[in-house]
Every structure is written in C-alpha cells, then in structure tokens.
Amino acid sequence: MVKLKLSDLNKGVVYLGDKLSVRTQFNFDEEAEIYWSGIQLITNPPCAKELQISKEEIFSNGKFEPGEYIREKSLLIKTNIVPTIKNRNLNYILKLNLRQPNPVNPEEDLVINKTHDIEIKARNSGLQVKSPKPISFSISGLNILLTKDIFKPGETIKIGYTSEELKKLEVRLLQNSNLVCYCEAYGQNCRKVEELPPAIAGDVRTQNFEKDFMLLKVPEVAEPSHNFLWSPSEKEQFGFRYGAYTKWSLLIIGKKKPEYGIEPIKMEIPITISAGPILQEKVGVDFFSESSAAASSLFDGISKFQKTYKVVSIDSDIDKYILKIKNISKEDLKGVSVNVSGLQEGLFETSPHLTGFNSWKKGEEKEIIYETKQNITALISILEDNSQQRIRIQSPVSEVSFF
C-alpha cells in the first residue's frame, strides 16, 4: 500500500512569474514498483475534463524499498498562464500523481493521486498598461470630452458634453467578459462557451444641456481589463487555446429633438479599467525568470554534497551494468533515490531506471543494476534524499571511476 501527502509551500497562492513550491511525501508499506510520479498543474476548460498546464517529474520508472521518501519540487508559473478567474470557473488544482502496475488488471495502470487548490494571481507591475489619453469627438451635433481613457475601480468618470440637437443623453458603462476556448478537434470555438451580451455596470442620463458634464462611477468591484490567452508547448496539445478577457466601454445614446430627426445617436467608446498605477509599466520584467531558475538549479548541491557519494566500481555483463556507490558522508541517509541512465555518444541519454533505498548507512556500499541493450559510454547517476540533497555523477563505463 502507498500513502501520498502533498503540502503546498505557497499556502494556496502563487503569482505569475514565481515558483510554486510543494513538499511531497511517499510512504511505501512494502517493496513497490512504479512507472512514474510527478506534480501537474491542472485546469478544467469547458470542453475537456482536464488540461495540463505544466508538470514536474519526481520519480521515474523504478523500484522502492519500504519506507518514507520526501521530495520538494517547484513549478515555474510562466507569465503566459491565465490567472484564476473564479466568477468564470477558471480555476487550478495541483495534482500529485503516482502510476503503478495494476495487480488485478495488467493492461490498466493503477493511478493514485492527491490534489490541492491553487490560486494564480497576476502582478499589476508585470502588466503592460497603456498611457492614458484624452478622448474628444463630435457626432451628429453631439460633442463628447473625456480627459483620459483609463480608470480605476471605484473611480468616477467625468463625461463632458455639449449639444444643441439632443433632448436626452444617456451613458452606459458596459462590461464584455467571457472565456476563450478553441479546440482544433472541433475546428471552431468550443461549443460549450456561451456567447454573452455585454453587462451594464453603470448608467447615467440627463435632459439638462445647460450643464456641461455628467458623472458615472466605476463599481468598486469592477474587474480590471485583461486579455489572457494560453497555448500549450506539448505537441499533443497543439491547436488548443484557452483564456479569458474583459473589455470595458462607454455606450453613448442620444435622443434628438423632433426638428433634428428621429434616429437616435449611438456610439461606443473603449476604455480601460486598471487595478494598478495608471502609467506605462516596464515590459518584459520576466525575460530571465525561467533561465535564472534553470541556472540556479543546475548547480544546486554540487559543491555542498559532492562528498556525499562516490562511485566505487562499474562492472558490465551482457546487456547490464553493475554500479556500486558508497555513502562517504558522516551520517546515515534516509529516503534515497538513485536514478541511473546511460549516455550515448556524449549527447543522448537512454531510458532511466530508479532505485529507492529507505536507509543508506554511512560507509555502506549499494549495488545498482542498470539494464540496456544500447551502446553507452557513461552512466549518469542522480542521487536525492529526504534532506533534499541532490547530486549528479557521470561515470565512464570503460574503466573503474573514483570521485
């Protein structure tokens, strides 16, 4: 039996461009074989049960001794991901998966998982906001003036107007919001995304043309303007696009005096609602987010843990290599996993195989067998333990190597 535990180190909230960090715990009551284990960031678009946004492997194919194995992992929340929008059911969960052989039905894998809700938020400083601009126009004897076209929730819009031809003027604040879900399999937008008419978020009207302005308040809870669209990088998901938008506008409706005709004036003016500062933000603040994260993880633990293990010997037999590794640290190690793969022509790695040890005593040697029918020049061993030590050792197979 296997027990899984998933702990969210971000406490349920993560911002675009940041890392989502988790602590995973695996308890095997007996020796266990697994096919794969990892964490996935999942959402549920209208036309699919699950959509994987990103994933991170924890364990590859291998066998584990009974015991406890603890691993901390991080997912980079890229800036092209659509933030959580609860009122349109655009939500995310973090899923810890473990895939094993099924003792009852060998043709169907046994999958165990744990899930946790995650809210993804956008940083105001990371959004590109247009500089505010005045709006002035004339149509059929009506003159309209706005000193700017960007407003904050709760702010009052001052609408300047003059006209000799109108007897009534109305201004409506409109919000047009919806999901965007395109599935290439259907060849069109998802049929389950209903077309929604604009909602009226505010209204002001007047028949007094001696006064030259009207005031229309933006609701305190107004959702900021946005247009998010995510597309996958995985080949099997090409053609899928998922997102959401909110657009704001002012609808101007004017009713003319009888002597000037009966056709009303209608004009829609796009505006922006911004939750952040109304000025030009720096673009590309996250250009190096992912590369920086990758660079730091590349050298994690090398200097600190390079004296934890050494490869004692590598012997070869038909289609298999016998690798002996020694714990040369000053303490016993818990929850150790050794992931071994082969290196071909100095470039390509063969399929990995993982071995898990509940305890590895100081000074103890462990023997690991790696089977492959491919010609390799080196073995790559990646060792991790419950204290989050991680080290990568590359060992030539043509001779005994000492590190």
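The values are calculated or read from the model by the stated rules, or taken from the named source; none is laboratory data. Predicted model only: the values in this text are computed from it and were never measured. Please note: Cβ atoms are built from the backbone with ideal geometry, for glycine as well, and neighbour counts cover all protein chains shown.
What to note about this one:
- Matching residues, region 191-221, being at pLDDT 90 or above, of a type outside the set (Asp, Glu) and loosely packed, with under 15 Cβ neighbours inside 10 Å: 197, 199, 200, 205, 207, 208, 213, 215, 219, 221
- Where a residue in region 71-89 is within 18 Å of residue 9 (Cα to Cα) and its partner, wherever it lies, is among the basic types (Lys, Arg), with Cβ under 8 Å and at least six apart: 71/23; 72/23; 74/19; 75/19; 75/55; 76/19; 77/19
- Checking residue 193 against (1) assigned to a strand (DSSP E or B); (2) within 30 Å of residue 81 (Cβ to Cβ), the condition it does not meet: (1)
- Looking across 161, 245, 182, one residue alone is in contact with a strand residue (DSSP E or B) (Cβ under 7 Å, 6 or more places away or on another chain), outside the structural domain of residue 79 (by TED's automatic domain parsing), assigned to a strand (DSSP E or B) and modelled with pLDDT under 90. It is 182.
- Residues satisfying the stated conditions in region 146-158, i.e. in a strand (DSSP E or B) and surrounded by fewer than 16 Cβ atoms within 10 Å (Cβ to Cβ): 156, 158
- Residue in region 122-141 that is out of contact with any Lys or Arg (no Cβ under 8 Å at 6 or more places or on another chain), free of Cβ contacts under 8 Å to residues at least 60 places away in the same chain and more than 30 Å from residue 22 (Cα to Cα) present: yes
- Single residue of 140, 225 found to be out of contact with any Asp or Glu (no Cβ under 9 Å at 6 or more places or on another chain) and small (Gly, Ala, Ser): 225
- Among residues of region 90-117, those that are outside any strand (DSSP E or B) and in contact (Cβ under 8 Å) with a residue 40 or more places away in the chain, counted: 3
- Counted residues, region 350-368 - those being within 36 Å of the chain's Cα centre (by Cα) and assigned to a loop (DSSP other than H, G, I, E, B): 3
- Tally, over region 1-48, of residues that are farther than 30 Å from residue 182 by Cα and assigned to a loop (DSSP other than H, G, I, E, B): 8
- Among the residues making up region 238-278, those that are closer than 29 Å to residue 123 by Cα and among the aliphatic types (A, V, I, L, M) are 244, 250, 269, 271, 273, 275, 278.
- Of all residues in region 271-291 being exposed (fewer than 13 other Cβ atoms within 10 Å of the Cβ) and under 12 Å from residue 150 (Cα atoms), the one that is modelled with the highest pLDDT: 277
- Considering only residues in region 196-235 that are touching a residue at least 60 places away in the same chain (Cβ under 8 Å) and in a strand (DSSP E or B), the one that is farthest from residue 121 (Cα to Cα) turns out to be 216.
- Scope region 361-376; condition of a type outside the set (Asp, Glu) and either loosely packed, with under 14 Cβ neighbours inside 10 Å or at pLDDT 95 or above (or both); matching residues: 361, 362, 363, 366, 368, 369, 370, 373, 374, 375
- Qualifying position, being within 25 Å of residue 29 (Cα to Cα) and assigned by TED's automatic domain parsing to the domain that holds residue 307, among 341, 387: 387
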